[in-house]
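Chemist: Handing you a structure now.
Coordinate-derived values only; no laboratory data. Just so you know, these numbers come straight off a predicted model, no measurement behind them. Reconstructed Cβ throughout: ideal geometry from the backbone, glycine too, with neighbour counts over all protein chains shown.
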Ligand SMILES: [Zn+2]
């Protein structure tokens, strides 16, 4: 494992040289290690188990209506360029026999995002994941993504956002995102 990390750091030094940097200058000495740490953090969903959902029970007669959680901030990498996608994820669900804890829903969304993704496929998968893990009667998901591979390079469009949505079960609510940057 340690050898593997050293080899990876060496390959990042090679990349820096390829890009025209002096990989040996003091300020860059720890950059390969930091880069690896940052990439590990942004892809932790590949290695860590999904966070457990905590539930609160309802008495048998309660039938809560739809719950919306809007503007969950989450980060992914685009699987084509490994550049960040900054996202706002909004979720609506009709709870089943128990209600899930708010913070765990947020953690589950962030865990799901922490990997290389294709946003269209991710949104469908997230809807399935939430429907299963929340034990919800129905779920809808909306993902607004700003893709750094389009924001900073290539087409260079700093105003774009990609919006994808998916639904599971009968629900007529599609949560929106309210963050000005994501309108
Ligand atoms: Zn990309």
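Chemist: Rounded to the nearest 10 degrees, what's the angle between the helix 2-18 long axis and the longest principal axis of the chain, both from Cα atoms, 0 to 90?
Modeler: 70 degrees
Chemist: In what order do 76, 138 fall by count of nearby beta-carbon atoms within 10 Å, going from fewest to most?
Modeler: Least crowded to most crowded, the residues run 138, 76.
Chemist: For residue 170 paired with residue 157, estimate the spin-label separation in nm (one decimal), with each label point 7 Å from Cα along the Cα-to-Cβ line.
Modeler: Using points 7 Å along Cα→Cβ, the separation is 3.8 nm.
Chemist: Using 0.36 nm per residue of separation minus the Cα-Cα distance, give me the extension gain between residue 35 and residue 54 in nm, one decimal.
Modeler: Between residue 35 and residue 54, full extension yields 3.5 nm more.
Chemist: Additional query: At 222 nm, what helix-only mean residue ellipticity would the chain give, in deg cm²/dmol to the nearest 500, using -39500 (n - 2.57) for each DSSP H run of four or more?
Modeler: -10000 deg cm²/dmol
Chemist: Now for a different question. What is the log10 of I(q)/I(0) for the range 53-182, computed with the Debye formula using one identical point scatterer on each Cα and no solvent, at q = 0.13, 0.22 Å⁻¹?
Modeler: Calculated log10 I(q)/I(0) at the listed q: -0.52, -1.26.
Chemist: Roughly how tilted is helix 102-113, in degrees to the nearest 10 and between 0 and 90, from the longest Cα axis of the chain?
Modeler: 40 degrees
Chemist: Using Cα pairs under 8 angstrom and six or more residues apart, how large is the relative contact order of the range 1-116, in percent?
Modeler: 29 percent
Chemist: Same structure again: What residue among 88, 29, 142 shows peak mean-square fluctuation when the chain is described by a Gaussian network model with Cα springs under 10 Å?
Modeler: 29
Chemist: Compute the distance from the alpha-carbon center of the range 118-179 to that of the range 1-59, in whole Å.
Modeler: Each part's Cα centre sits 25 Å from the other's.
Chemist: Using the per-residue mean of other Cβ atoms lying within 10 Å as a proxy for protection, in what order, highest first, do the peptides 49-57, 143-151, 65-73, 115-123 fall?
Modeler: In decreasing order of mean packing, 49-57, 143-151, 65-73, 115-123 become 143-151, 115-123, 65-73, 49-57.
Chemist: Taking the chain as the reference, fit the longest principal axis to its C-alpha atoms, fit the long axis of helix 119-133 to the helix C-alpha atoms, and give the angle between the two in degrees, 0 to 90, nearest 10.
Modeler: 50 degrees
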